[in-house]
Amino acid sequence: MRILLALIKKELKQISRDPLTIIIAFILPLISFMIYMYGINLDSVKVTMGIKNDDCSPEVATLVKSFGHSKYVNSINFDNMKDIEKAILKSKIKGAVVIPNDFSSKLARGQQASLFVITDGSEVNTANYVQSYALSIANQWLATSKYRTNMSKQLVTTEVRTWYNPDLNSHHFIMPGSIAITMTLIGILLTSLVVAREWERGTMEALLSTNVKAIHIVLGKYIPYFIIGMLSLTFNVFLCVVVFNIPFRGSFLVLFLISAIFLFTSLGIGLLVSTVLKNQFLASMVALSLGFMPALMLSGLIYPINSMPKIFQYLTTVIPPRYYIAFIQSEFMAGGVTEIRIANAFYLSLLGLFFFGLVYKNTQMRLEAVSPRKIQNKGAKE
Amino acid sequence: MGIDIQKNPEKARSNLGYMAQKFSLYGSLTVKENLNFFALAYGIRAREARKKVSGIIEVFGLKEHENTKAEALPLGLKQRLSMAAALIHTPPVLFLDEPTSGVDVITRRDFWNHITSLAKKGVTILVTTHFMEEAEYCDRISLFYKGQTVALGTPAELKQQAGAKDMEGAFINLIKESEAER
């Protein structure tokens, strides 16, 4: 116990003097939150488009106005096509709508009238928005205009109620996911370096000549990084809930409890890589490609697991972040769902214990792996 | 010492001090922190450890560097610190793996003063070295060649056996002999 305490203290001192650890644990989540919050936006956005009205009937003027009033569109009026082209080139507008001069007369006659919509194909997503916004604004306008009598009636409509995330705000599920990514990084990347560092710098040699046992070495690595991870988690949750105002509907106690299990699991992966490879560079590369990339790609954070090929779906069952992301997103958005909590906590604990066992088994207590029997055989020969 | 190293390796190790050839203490910890850590790692109680640390800092003349980070020390002092760490638990047996390789002449002499004074106190010290003039200071020499002991004895005995004036000559002759025997 005394020895373990000394090891933990030593490790914490080393951590506190290593700027890299602090950066990964506290600065990195801040940066990634900023990116997810302000940089990445998966929601529909307000687009600026140009309007050129060639039809001077007063009824059509109200259509131009409804473009101006839409909460999805900023509209700028133009008089000629040259200016529109220039504005698109300068990216001032993302597209344009031209109302042809026979627009109102065609509608009045009950014929199909067309709007000329220009979109910028170099930004495909935005181009799609421009097209669909223009159409829906025109339809809405039509339903209230005097031409509505010519409109065919829609027989079926949908009443949409979005559960758990009524505003369809993607931040509400990306930000909790970002916590999971940070926790994976702390668990895997930081620890992938630490055992390898002891071997590389020769300090393991000195350590092995003391009374330290394998279990001391293993726990002496797990516990300090567990503390750092939990501190970082607290910081992350604070940023998420208090600073960025992401709604949290679950229980903080359960969040921290299951996060602790997840941390235990990813610490295991990092330490296993480090223990086996004994080389910092190699270990960090393997940790990134084995731990971090799957966490990003295969965890269901960005790409839904259901839409992956079957093989990858099976592969995700051994990726701890998959369970954690499922849990943390439901804890944030849906509140406490007992089945989700228990199932994910169960799989995470299973994986965590598995990795702990492997780390313990692979912790070497001698400089070169020579089994005692070999030494005896050698002695016998001489 | 009556401890089976296979059955109880940790206990057996607490009777040994070991100083690796390569500097193997924690660079980001200070001299004092390193010594304190190793004292505790050898299973010494915290209060006693503190006493031992300040004692050994005194003996090895590390007082003015006790709050310096180990990585910032010059090589000679690093070696001194390594030896202090290996001795923190006052082991009856001390292994020194080429303790003087890459160390300047003054530090090396300093080192041997420590070694001989320890030996006088009754500590058994095993030193590996490439320097034959250093081997001269030892009580008993085992000459290793290709993983086997080719000669064993006091410096005087080895010199006599090889018919050489100094250890350097004895070393060359003995190696040649064993080469011829093969």
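Using the Cβ-Cβ distance between A:Cys56 and A:Leu282 with R0 = 60 Å, the FRET efficiency computed as 1/(1 + (r/R0)^6) comes to roughly 0.25. Couplings 3J(HN,Hα) for region A:17-34, derived from phi with the Karplus relation 6.51 cos²θ - 1.76 cosθ + 1.60 (θ = phi - 60°), are 9, 10, x, 4, 4, 4, 4, 5, 7, 10, 7, 4, x, 4, 5, 5, 4, 4 Hz, where x marks Gly and Pro. Residues of region B:133-156 with the amide nitrogen closer than 17 Å to a label point 7 Å from the Cα of B:Glu168, along Cα-to-Cβ, please. Counting only backbone N, you get B:133-137.
Helix B:105-120 and the longest principal axis of the Cα set of chain B meet at an angle near 90°.
For chain B, the 222 nm mean residue ellipticity estimated from helices alone, with every DSSP H stretch of n ≥ 4 adding -39500 (n - 2.57) and the total spread over all residues, rounds to -14000 deg cm²/dmol. Springs between Cα atoms under 10 Å define the GNM used for chain A, and in it the highest mean-square fluctuation of A:Leu288, A:Leu185, A:Leu135 occurs at A:Leu135. Applying 1/(1 + (r/R0)^6) with r as the Cβ-Cβ distance of A:Thr158 and A:Phe346 and R0 = 35 angstrom yields a FRET efficiency of 0.40. Considering only B:Val105, B:Val93, B:Val31, the Gaussian network model of chain B with Cα springs below 10 Å gives its largest mean-square fluctuation to B:Val105.
Please compute P(r) over all alpha-carbon pairs of region A:47-150, binned at 5 Å starting from zero, and give each bin as a whole-number percent. Final binned percentages: 2, 13, 25, 26, 18, 10, 5, 1, 0.
Rounded to the nearest 0.05, what FRET efficiency is calculated for A:Lys92 and A:Met297 with R0 set to 30 Å and r the Cβ-Cβ distance? The formula returns an efficiency of 0.25 here. The label-point distance for A:Thr317 and A:Asn150, in a model that sets each label 7 Å from Cα toward Cβ, rounds to 6.1 nm.
The distance separating the Cα centre of region B:136-167 from that of region A:286-324 comes to 64 Å. Here the protein assembly as shown was treated as a single set of alpha-carbon atoms; its pair distances binned every 10 Å from 0 give 3, 13, 17, 16, 14, 11, 8, 6, 5, 4, 2, 1, 0 percent.
Using C-alpha pairs below 8 Å separated by at least 6 residues, the relative contact order for region A:47-150 is 31 percent. Each helix, a run of at least 4 DSSP H residues, gives -39500 (n - 2.57); summed and divided by the residues of chain A, these come to -18500 deg cm²/dmol at 222 nm. Relative to the dominant Cα principal axis of chain B, helix B:167-181 is inclined by about 60°. Principal-axis analysis of the Cα atoms of chain A puts helix A:214-238 at an angle of about 20° to the longest axis.
Among the trypsin sites (Lys or Arg not before Pro) within region B:1-38, those in coil by DSSP and having at most 15 neighbouring Cβ atoms inside 10 Å are B:Lys7, B:Lys22. Ordering B:Glu64, B:Glu134 by the number of other Cβ atoms within 10 Å of each residue's own Cβ, fewest first, gives B:Glu64, B:Glu134. Annotation note: chymotrypsin sites (Phe, Trp or Tyr not before Pro) in region A:222-325 located in DSSP loop regions with a Cβ neighbour count of at most 16 within 10 Å are A:Phe244. Considering only beta bridges that DSSP places wholly inside the protein assembly as shown, some 35 percent are antiparallel.
Taken together, the values in this text are just the output of simple stated rules run on the coordinates, not laboratory data. This structure is a prediction, so every number in the text was calculated from the model and none was measured. Cβ: placed from backbone, ideal geometry, glycine included. Neighbour counts: every protein chain shown.
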